[in-house]
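Accompanying notes for the structure given below.
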Amino acid sequence: MDTETFHESEDRLELYALRRLPDSEVEHVENHLLVCDACREHLEEVSAFAFSMRETLKGNPVIESVVKSNARWFEWLTPRLGMPGAFAAILLAVGIYWISRDAHILPVASLQLTALRGSEVKAVVRARELDLAFTDALAASRVDIVDGGGATVWTGTLRPGAGRVEAKISQVFSPGDYFARVYTAAGQPPQEYQFKVMK
Ligand SMILES: [Zn+2]
C-alpha cells in the first residue's frame, strides 16, 4: 500500500495512540507517520487541546500520577518511532486526550483509604478502573461500595498486597459520595471508609 496516498483515519490514529491497534497494523501506521506531514499535523492540532487540558489538570495529584504512570509509554514511543522527544510527547498527550475525552474519564485511578478520623474526605477522579487500597484493615477480605443513598453499587473480594489489602474495581462511578465497607472473614462489623468521586 502506498503510505503517501492513504492517510490514517482518525479512528486508526486513536487506536494507535491507545495501543489497541493489532501488531500487524502498527508498523504500517508508524511508517506512515514517519513520512506524512499531514497526519503528523493532524495529531499536533488535536494535541494543542490535550496540552491545554493537561495544564488545567495540573496540580491534581491523581491526574499527575496517571500522567507519571504514562511516562513508560513515552519511553516506549520514542525509540519505536525514532523521533524527537517532542513528537513522541505529542503522541502521548494525544493518547491521554483520547482516553480522557469521554467525560474526562481516565483509564485508572488509585485511592488509598484509611479509617476516617474527622479528617478530610479523600477524593478521586472518575476512571474506568478504580484501584482501592486499605492499609489499616489487613484482615479484611471483602468490600462493599455503597453510594450516598445507601445503595450497594459494587461488592468484591480484597486481595493481600504489601502492607495493604486491595481491590481493583472495573466500574465507572458517578460523581458523588461513597462509602467503602470492609469486612473480615470472622464476621466482625464492617469498618467504614468515606471517599468522593469528583465530577
Ligand atoms: Zn497521512
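Modelled with pLDDT under 85 and open to solvent by 60 Å² or more (accessible area, probe 1.4 Å): which single residue out of ARG117, ARG181, ARG142, ARG159 fits that description?
Numbers: ARG181 fails: modelled with pLDDT under 85; ARG142 fails: modelled with pLDDT under 85; ARG159 fails: modelled with pLDDT under 85.
When all the criteria are applied, what remains is ARG117.
Pairs under 7 Å by beta carbon, first residue assigned to a helix (DSSP H, G or I) and open to solvent by 50 Å² or more (accessible area, probe 1.4 Å) in segment 31-42, partner more than 6 Å from the ligand (Cβ to nearest atom) and of a type in the set (S, T, N, Q), six or more apart or different chains?
Listed by first residue and then by second, the contacts come to ASN31/THR3; VAL35/THR3.
Scan segment 169-184 and report the pairs whose first residue is at positive phi and whose second residue is buried (at least 19 other Cβ atoms within 10 Å of the Cβ), with Cβ atoms within less than 7 Å and a gap of 6+ or a chain change.
Sorted first by the residue in segment 169-184, then by its partner, the pairs are GLY176/VAL197.
The values are calculated or read from the model by the stated rules, or taken from the named source; none is laboratory data. Just so it is clear, the model here is predicted, and its values are computed rather than measured. Note that each Cβ is placed from the backbone with ideal geometry, even for glycine, and that neighbours are counted across all protein chains shown. Ligands, DNA and RNA are stripped out before the accessible areas are found, and what is left, the full protein with its side chains, is counted by its heavy atoms. Shrake-Rupley method; radii C 1.70, N 1.55, O 1.52, S 1.80 Å.
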